[in-house]
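A quick write-up on the structure given underneath.
The values are calculated or read from the model by the stated rules, or taken from the named source; none is laboratory data. Everything numeric here is computed off the predicted structure, so don't read it as measured data. Note that we place each Cβ from the backbone using ideal geometry, even for glycine, and neighbour counts take in every protein chain shown.
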Amino acid sequence: MFQGPYPVELLTNTQMAEADRLTIEGGVPGMALMEKAGAAVARVASQILAKTSGRRVVVLCGPGNNGGDGYVAARILRGQRLKVRVAALTPPERLRGDARQAAESWNGPVERADCCRLNGVDLVVDALFGAGLARDIDGLAGLIVEELNQWRRRTGQQVVAVDIPSGVDGTTGAVRGVAVEADATVTFFRLKSGHMLLPGRQLCGQLTCAHIGIRADTLEKIRPDTFVNEPGLWRPALPLPKVEGHKYSRGHAVVVCGGASFTGAARLAAGAALRAGAGLVTLATPREALAINAAALTSVMVRVSDGPDGLAALLADPRKNAVALGPGLGVSEETRVLAETALAPSERARAVTLDADALTSFAEQQARLWRAIRKSRGPVALTPHAGEFARLFPRCAQDAEGAPRSKLDQARAAARESGAVVLFKGPDTVTAAPDGRAAILPYASPWLATAGSGDALTGIVAALLAQGMEPFLAASCAAWMHARAAQIFGPGLIADDIQAALPAVWRELSDA
């Protein structure tokens with residue numbers, strides 16, 4: 001099976017603290033966890049130094065267990081005959097618990113962090129603050145972080161962060177005041193959502209998730225509902241063709257096209273749907289655009305569909321079990337009625353994917369769309385980018401107290417409000433289901449920022465829904481396949497290249 005480098009579950013700060021607590025209550029001493037955590041940090045630091053021939057290390061230690069991990073790492077690195085200095089925000093004698101014990105195991109001097117000079121240093125270990133940082137970094141600690149970042153930029157030397165770069169919120173990925181810019185981050189047991197969400201992800205550098213003695217069955221009590229969007233999440237549900245299958249068993253997707261001047265977007269979606277595995281794809285086109293579309297398409301069927309009545313007639317065939325609409329339709333009342341037509345209850349449950357103009361058309365009439373979604377018998381996926389999301393879900397930007405929500409929490413709130421799976425696009429794409437599950441895509445090619453890229457994604461979502469894949473997993477899988485196709489193609493990508501690269505994506509998933 002094709003797998004990413006990380007365990008699939010993502011934890012919040014609270015859930016990670018609970019995992020630690022349950023493990024310690026189960027008989028594993030907290031100091032044993034700290035020793036393994038510090039050893040993992042030392043291992044990554046040693047690997048970096050081996051490549052650069054560096055030997056001089058400074059470990060910046062904070063007032064909590066993150067600092068304790070730093071003291072352990074410092075002791076181990078010194079045991080490897082490296083030149084290690086420790087600089088602390090808090091005097092060791094004022095530490096408590098395991099952090100105090102870890103500090104006592106360090107037999108070298110401890111400098112004041114605000115007086116520590118980094119001249120001639122080859123690597124810095126950031127063990128100031130961990131993922132559970134409860135307030136913004138400011139004052140003296142803020143100055144230390146800023147000086148560390150300036151040193152890194154000026155010298156080109158590297159920083160290894162313990163758990164998460166100091167100043168990054170482990171749950172939201174937000175910067176709390178200022179944050180360390182790390183080249184590598186070593187976290188423990190499971191990644192946190194803040195490792196995946198921007199801007200946190202960009203500050204982490206190369207991520208390592210180390211096993212430190214917390215058992216995997218601890219997750220049964222924590223029950224995480226956020227995941228890394230990697231094949232390990234959805235691969236068992238992926239609809240691969242069967243020897244005894246046929247085109248009708250692989251689903252029939254319909255993509256609704258706009259007027260003669262706006263046909264390209266729908267064709268991109270239709271072509272991607274076919275490459276993404278739908279057995280049949282039909283482009284529902286206005287008569288005025290029939291000749292244009294017929295001349296441009298071969299494997300995709302073209303059928304006349306003028307307005308809502310034409311679409312209703314086309315969808316009367318129960319074998320057409322998935323519809324995608326929005327790209328190139330225009331923002332109008334007719335687009336709203338077309339969406340309602342697609343969502344109308346039918347003899348056979350029909351999946352609907354709404355994107356682009358189909359979303360913006362309901363920007364001032366959200367309740368109308370939510371009613372149609374809830375009446376629909378089939379699964380519904382919404383695929384907004386940031387602008388469309390803001391127009392369609394203005395109430396999801398803040399929580400009940402008026403505090404700004406993370407992208408993850410915004411997507412979850414939107415899924416609850418709409419009753420649909422929401423694929424919130426961007427460099428940290430989040431997929432969320434009404435039941436609370438969510439997945440964060442761990443990477444995205446900057447070349448996907450090109451016209452028509454989102455239209456291709458719409459087609460992939462529709463195709464996987466047409467093949468009967470569970471909606472949350474289908475949307476998550478589609479986002480991954482879309483990003484992976486761009487990664488395979490590489491620089492110079494345009495939207496047409498996404499569907500061209502999909503066979504290579506399928507080969508990876510099928511051969512694994």
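Restricting attention to the stretch 417-436, the residues that are over 24 Å from GLY200 (Cβ atoms) and surrounded by fewer than 19 Cβ atoms within 10 Å (Cβ to Cβ) total 3. Given (1) outside any helix (DSSP H, G or I); (2) touching an Asp or Glu at 6+ places or on another chain (Cβ under 9 Å), identify the lone condition not met by VAL121. Here VAL121 clears every test but (2).
In the stretch 315-340, the residue that is nearest to ALA462 (Cα to Cα) out of those that are surrounded by 23 or more Cβ atoms within 10 Å (Cβ to Cβ) and free of Cβ contacts under 8 Å to residues at least 60 places away in the same chain is ALA339. The condition of being surrounded by 14 or more Cβ atoms within 10 Å (Cβ to Cβ), polar (S, T, N, Q), under 23 Å from GLY251 (Cα atoms) and over 34 Å from the mean Cα position of the chain (by Cα) holds for only one of SER346, SER305, that being SER305. Among the residues of the stretch 374-394, those identified as surrounded by fewer than 21 Cβ atoms within 10 Å (Cβ to Cβ) and modelled with pLDDT of 95 or more are ARG374, LYS375, GLY378, HIS385, ALA386, GLY387, ALA390, ARG391, PRO394. The set of residues from the stretch 117-140 being under 30 Å from the mean Cα position of the chain (by Cα) and at pLDDT 95 or above comprises LEU123, VAL124, VAL125, ASP126, ALA127, LEU128, PHE129, ASP136, ILE137, ASP138.
Which of the residues spanning the stretch 150-196 are under 19 Å from the mean Cα position of the chain (by Cα), in a helix (DSSP H, G or I) and not hydrophobic (A, V, I, L, M, F, W, C)? SER193, GLY194, HIS195, listed by residue number.
Considering the stretch 250-358, the qualifying helices (runs of 4 or more DSSP H), each wholly inside and each with 1 or more residues that are of a type outside the set (Phe, Trp, Tyr), touching a helix residue (DSSP H, G or I) at 6+ places or on another chain (Cβ under 8 Å) and on the phi > 0 side of the Ramachandran plot, run over 307-314. Working only within the stretch 428-477, note down all residues that are touching a Gly at 6+ places or on another chain (Cβ under 6 Å) and within 14 Å of THR226 (Cα to Cα). PRO434 - this is the single residue of the stretch 428-477 that is touching a Gly at 6+ places or on another chain (Cβ under 6 Å) and within 14 Å of THR226 (Cα to Cα). Residues that are touching an Asp or Glu at 6+ places or on another chain (Cβ under 8 Å) and under 19 Å from ASP169 (Cβ atoms) within the stretch 193-221 comprise GLY194, MET196, LEU197, LEU198, GLY200, ARG201, LEU203, GLY205, listed in sequence order. The single residue among ALA294, ALA266 that is at pLDDT 95 or above, touching a strand residue (DSSP E or B) at 6+ places or on another chain (Cβ under 6 Å) and over 23 Å from ALA485 (Cβ atoms) turns out to be ALA294. The set of residues from the stretch 378-403 being under 15 Å from PHE424 (Cα atoms), among the hydrophobic types (A, V, I, L, M, F, W, C) and either without any contact (Cβ under 8 Å) to a residue 24 or more places away in the chain or in contact with a helix residue (DSSP H, G or I) (Cβ under 6 Å, 6 or more places away or on another chain) (or both) comprises VAL380, ALA381, ALA390, LEU392, PHE393, CYS396, ALA397.
There is at least one residue in the stretch 404-415 that is assigned to a strand (DSSP E or B), free of Cβ contacts under 8 Å to residues at least 60 places away in the same chain and over 23 Å from LEU369 (Cβ atoms).
More than 24 Å from GLY264 (Cβ to Cβ), among the polar types (S, T, N, Q) and either at pLDDT 95 or above or not assigned by TED's automatic domain parsing to the domain that holds ALA266 (or both): does that describe SER453? Against the criterion (more than 24 Å from GLY264 (Cβ to Cβ), among the polar types (S, T, N, Q) and either at pLDDT 95 or above or not assigned by TED's automatic domain parsing to the domain that holds ALA266 (or both)), SER453 does not qualify.
All told, LEU118 meets the bar of being touching a residue at least 24 places away in the same chain (Cβ under 8 Å), touching a Phe, Trp or Tyr at 6+ places or on another chain (Cβ under 6 Å) and over 17 Å from ALA40 (Cα atoms). Within the set ARG78, ARG85, the sole residue that is of a type outside the set (Ser, Thr, Tyr), in contact with a strand residue (DSSP E or B) (Cβ under 8 Å, 6 or more places away or on another chain), farther than 28 Å from MET196 by Cβ and in a helix (DSSP H, G or I) turns out to be ARG78. Scanning the stretch 478-492 for residues that are assigned to a helix (DSSP H, G or I) and out of contact with any Pro (no Cβ under 8 Å at 6 or more places or on another chain) turns up ALA478, ALA479, MET481, HIS482, ALA483, ARG484, ALA485, ALA486, GLN487, ILE488, PHE489. When THR52 is tested against the conditions (1) farther than 18 Å from ILE212 by Cα; (2) touching a residue at least 40 places away in the same chain (Cβ under 8 Å); (3) buried (at least 24 other Cβ atoms within 10 Å of the Cβ), the lone failure is (3).
Residues are listed down the side, and each one gets a yes or a no for (1) farther than 18 Å from GLY67 by Cβ; (2) out of contact with any Leu (no Cβ under 7 Å at 6 or more places or on another chain); (3) of a type outside the set (Lys, Arg):
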residue: ARG117; (1), (2), (3): yes, yes, no
residue: ILE137; (1), (2), (3): no, yes, yes
residue: VAL145; (1), (2), (3): no, yes, yes
residue: GLN157; (1), (2), (3): yes, no, yes
residue: VAL162; (1), (2), (3): no, yes, yes
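With the condition kept exactly as written, say whether any residue in the stretch 204-224 is closer than 18 Å to PHE129 by Cβ and either among the hydrophobic types (A, V, I, L, M, F, W, C) or not in a loop (DSSP other than H, G, I, E, B) (or both).
Restricting attention to the stretch 204-224, the residues satisfying the condition of being closer than 18 Å to PHE129 by Cβ are 204-205, 207.
Adding the requirement that they be either among the hydrophobic types (A, V, I, L, M, F, W, C) or not in a loop (DSSP other than H, G, I, E, B) (or both) leaves 204, 207.
Yes: the stretch 204-224 contains one or more residues that are closer than 18 Å to PHE129 by Cβ and either among the hydrophobic types (A, V, I, L, M, F, W, C) or not in a loop (DSSP other than H, G, I, E, B) (or both).
Checking each residue in the stretch 229-250 for being under 17 Å from the mean Cα position of the chain (by Cα) and surrounded by fewer than 19 Cβ atoms within 10 Å (Cβ to Cβ) picks out GLY232, ARG235.
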